[in-house]
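The values are calculated or read from the model by the stated rules, or taken from the named source; none is laboratory data. Quick caveat: nothing in here was measured; it's all calculated off a predicted structure. Cβ atoms come from the backbone with ideal geometry, glycine included; neighbour counts cover every protein chain shown. Remember, those area values only see protein heavy atoms, side chains included, never the ligands or the DNA or RNA. Shrake-Rupley method; radii C 1.70, N 1.55, O 1.52, S 1.80 Å.
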Amino acid sequence: MSLNLRQKQTECIARMLNLNQPLNATTGTANEEVYKILIYDKFCQNILSPLIHVKDLRKHGVTLYFLIDKDRKPVHDVPAVYFVQPNQFNVQRIVSDASKALYQSLHLNFSTSIPRPLLEDLASGTLNSDSIQRISKVHDQYLEFVTLEDNLFSLAHKSCYVQLNDPSAGDKEIEELVEKIVGGLFCVLATLSVVPVIRCPRGGPAEMVASALDQRIRDHLLSKNNLFTEGGNFVSSFQRPVLCIFDRNFELPVAIQHDFRYRPLVHDVLGLKLNRMSVQGEKGGMRSYELDYADSFWVANGSLEFPEVAVEIETQLNKYKKDVDEVNKRTGGTHGAEFDGTDLIGNTKHLMNAVNSLPELTERKQVIDKHTNIATVLLGEIKERSLDSYAKKENDMLVRGGIERGDLLSVLKGKGTKMDKLRFAIIYLISSESINQSEVEAVEAALRESEVDTAAFQYVKKIKSLNVSLASANSASRSNIVDWAEKLYGQSISAVTAGVKNLLSNDRQLALARTVEALTEGRPNPETDSYLSFDPRAPKSGSGASSSHLKGPFKEAIVFMIGGGNYVEYCSLQELAQHQQPAKHIIYGTTEILTGVDFVEQLTLLGQKMGLGNVGSSSTSAQ
């Protein structure tokens, strides 16, 4: 059993778009084609966006698609598929659409289970307007999460870290947020049709979510027709996944530091969102790109260090040129000419081969051009902001537990945006084993000199002085850092990397990856022996009671980070999965995917709520 979350969620959406009819296994569409309109809200648009493209909508018979809050003209003889969150506004719009007879029939799909009061509002509203016959069906879809890659999902819950760590937050707000997170995780498990064994550290949000999720699944399993029956009643833990739940404070630096791998860099520097991003094109103007499972280069090289990616682009370009030359040679074309399909002569067999290879070669060239453009823009940012130096020095601090004072201040007075300097200063604070008061004052003075709002810095300093555990900031494995200085070479794509010094290969294993490794292996380990275990399929016996089958080993894991995750952790967990013998399967999810800037803005907000920081700058994130 292999858990492919993207595939499972896409299948559920395809079924929904085909009016919840069984799909033909060969075509992936319903046997009878029905033309229809799709209505969604903003949240569900974000669920659809990384998975379904316009051509896929056409394939499933969707001819028009609209946001629910927009004014829409009636299309009387066509059914409408609604995919929306179950909330008051959406229910009112549905009642209004039905009463105006905008569409022939309404097929309602809610992203998660609709609460009874809202269902009653829907029923009474359509009854009162004499339009209940227009409601064809109501489905709870349990799809309230955004899948970005086969093994990556987000619940898209904004500012969870602030809400969970806000000193003024009451029990009611915290409980509501925990309930929301549990609801999202339940949707993920229902889509995968698995009941996992749940593990988490004691205390804090991780235990609250784990305990509430355990109870939610237990309650659901009592109903005969439950969502997990098709998953089978596995007894062996090796056939069931383990769900490892953590809280962002488990390993804070990862959310803040600069990273030099391709995926995290593109996300952090170029603002990758819902697998899309825009960069400056070669001839001016913005170019939009999609980076998803359909882009083989992104899938294969996303976890590589930036210089290695530049080398790979160069390799792919040379291979492409060689293949073009080969085709031209075989068909009598000019040596080294750009392959455009116009200069094809020679015997029919060669001609046919060349024509058949044209689409594949054209597609390869488009992918190479796309990543050349992205890498060139990245290089510009790296040189302008010295991002290579930030990544290397932050990593050194976290491994060694400190930095020379001269080095520290030279970075803060050197290149980089205000936010780069603030992130660097916070990593210094977290990595230092003890706070050197005069050094910290010098750092604060340097930040103020650059007009940086220090609220986030003050907040972390306050936490540190209160001895709140910033878990495992210094317990990273002391691995060698490979220096990439001067390693790269002269021409063409290599201009992408020219002048970048000290590019590091970062083998430091994150505390998260090390802990997940221990939890999946199931061997005694002092770091994880105290972790709580929950098995929603087993009879309930004491909170977090542990029995041998809950210890593993596990072949598959779902790792969930409460309070914001990132591509650094995702890459580290995918590397861990591939390097284990036999290879494991790890899905990574989080309440929201955050860049370092996003997360530090949440720290700034917490600092301001505590009355910390200077009012020297209204916005820290100015580029």
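Can you name the residue in the stretch 121-137 that is of a type in the set (D, E, K, R) and over 14 Å from PHE89 (Cα atoms) and, of all such residues, is farthest from the chain's Cα centre (by Cα)? I'd like the intermediate steps shown before the answer.
Taking the stretch 121-137 as the starting set, the residues that turn out to be of a type in the set (D, E, K, R) are 121, 130, 134, 137.
Cutting the leftovers down to over 14 Å from PHE89 (Cα atoms) gives us 130, 134, 137.
Working: ASP130: 44, ARG134: 38, LYS137: 32 Å.
Out of the qualifying residues, it is ASP130.
So which residues in the stretch 371-384 are open to solvent by 20 Å² or more (accessible area, probe 1.4 Å) and touching a helix residue (DSSP H, G or I) at 6+ places or on another chain (Cβ under 8 Å)? Even if it seems obvious, please write down each step before you answer.
Looking only at the stretch 371-384, we keep the residues that are open to solvent by 20 Å² or more (accessible area, probe 1.4 Å), and these are 372, 376-377, 380-381, 383-384.
Residues satisfying the conditions are THR372, THR376, VAL377, GLU381.
What residue, of GLY402, GLY406, is farther than 30 Å from GLY281 by Cβ and touching a residue at least 24 places away in the same chain (Cβ under 8 Å)?
GLY402
May I ask you to list the residues in the stretch 570-591 that are assigned to a strand (DSSP E or B) and not aromatic (Phe, Trp, Tyr)?
Selection gives HIS585, ILE586, ILE587, GLY589, THR590.
List the number of the failed condition for LYS393; all other conditions in (1) without any contact (Cβ under 8 Å) to a residue 40 or more places away in the chain; (2) closer than 15 Å to GLN280 by Cβ hold.
(2)
Kindly evaluate PRO196 against the criterion of being touching an Asp or Glu at 6+ places or on another chain (Cβ under 8 Å) and either open to solvent by less than 10 Å² (accessible area, probe 1.4 Å) or closer than 23 Å to THR528 by Cα (or both).
It is false that PRO196 is touching an Asp or Glu at 6+ places or on another chain (Cβ under 8 Å) and either open to solvent by less than 10 Å² (accessible area, probe 1.4 Å) or closer than 23 Å to THR528 by Cα (or both).
Which residue, of SER113, SER99, SER105, SER136, is of a type in the set (Ser, Thr, Tyr) and in contact with a Leu (Cβ under 8 Å, 6 or more places away or on another chain)?
Being of a type in the set (Ser, Thr, Tyr) and in contact with a Leu (Cβ under 8 Å, 6 or more places away or on another chain) holds for just one of SER113, SER99, SER105, SER136, which is SER136.
Looking at the stretch 517-542, which of its residues are closer than 22 Å to SER193 by Cα and within 30 Å of the chain's Cα centre (by Cα)?
Within the stretch 517-542, the subset closer than 22 Å to SER193 by Cα is 519-520, 533-540.
LEU519, THR520, SER533, PHE534, ASP535, PRO536, ARG537 - these are the residues of the stretch 517-542 that are closer than 22 Å to SER193 by Cα and within 30 Å of the chain's Cα centre (by Cα).
Quick one: in the stretch 257-314, of everything that is more than 30 Å from ALA425 (Cα to Cα) and aliphatic (A, V, I, L, M), which residue is nearest to the chain's Cα centre (by Cα)?
Filtering first and then ranking leaves LEU291.
If you take just the helices (runs of 4 or more DSSP H) that sit entirely in the stretch 1-81, which of them hold at least 2 residues that are open to solvent by less than 20 Å² (accessible area, probe 1.4 Å) and touching a Leu at 6+ places or on another chain (Cβ under 7 Å)?
Per the criteria, 5-17.
Which residue pairs have Cβ atoms closer than 9 Å, lie 6 or more positions apart in sequence or on different chains, and pair a first residue in the stretch 26-52 that is under 16 Å from GLN85 (Cα atoms) with a second residue that is among the acidic types (Asp, Glu)?
These pairs meet every condition: ILE39/ASP97; ASP41/ASP69; LYS42/ASP69; PHE43/GLU144; CYS44/GLU144; ILE47/GLU144.
Determine which single condition ALA473 fails, assuming it passes every other condition in (1) in contact with a Pro (Cβ under 9 Å, 6 or more places away or on another chain); (2) closer than 25 Å to SER431 by Cα; (3) at pLDDT 55 or above; (4) of a type outside the set (D, E, K, R).
In the conditions (1) in contact with a Pro (Cβ under 9 Å, 6 or more places away or on another chain); (2) closer than 25 Å to SER431 by Cα; (3) at pLDDT 55 or above; (4) of a type outside the set (D, E, K, R), ALA473 misses (3) alone.
Considering only the stretch 277-328, state which residues are open to solvent by less than 40 Å² (accessible area, probe 1.4 Å), of a type in the set (Phe, Trp, Tyr) and not in a helix (DSSP H, G or I).
Within the stretch 277-328, just TYR289 meets the criteria.
Touching a helix residue (DSSP H, G or I) at 6+ places or on another chain (Cβ under 6 Å), modelled with pLDDT of 80 or more and not acidic (Asp, Glu): is that true of PHE560 in this structure?
In short, no.
Before we move on, is LEU361 assigned to a helix (DSSP H, G or I) and more than 27 Å from the chain's Cα centre (by Cα)? Before the answer, list the steps.
Numbers: assigned to a helix (DSSP H, G or I): yes; more than 27 Å from the chain's Cα centre (by Cα): yes.
So LEU361 passes the test.
Show the residue pairs that are 6+ apart or on different chains and have beta-carbon atoms under 6 Å apart, the first residue being within the stretch 1-19 and touching a residue at least 24 places away in the same chain (Cβ under 8 Å), the second being of a type in the set (D, E, K, R).
Note: pairs meeting the criteria are LEU3/GLU556; ASN4/ASP150; ARG6/ASP150.
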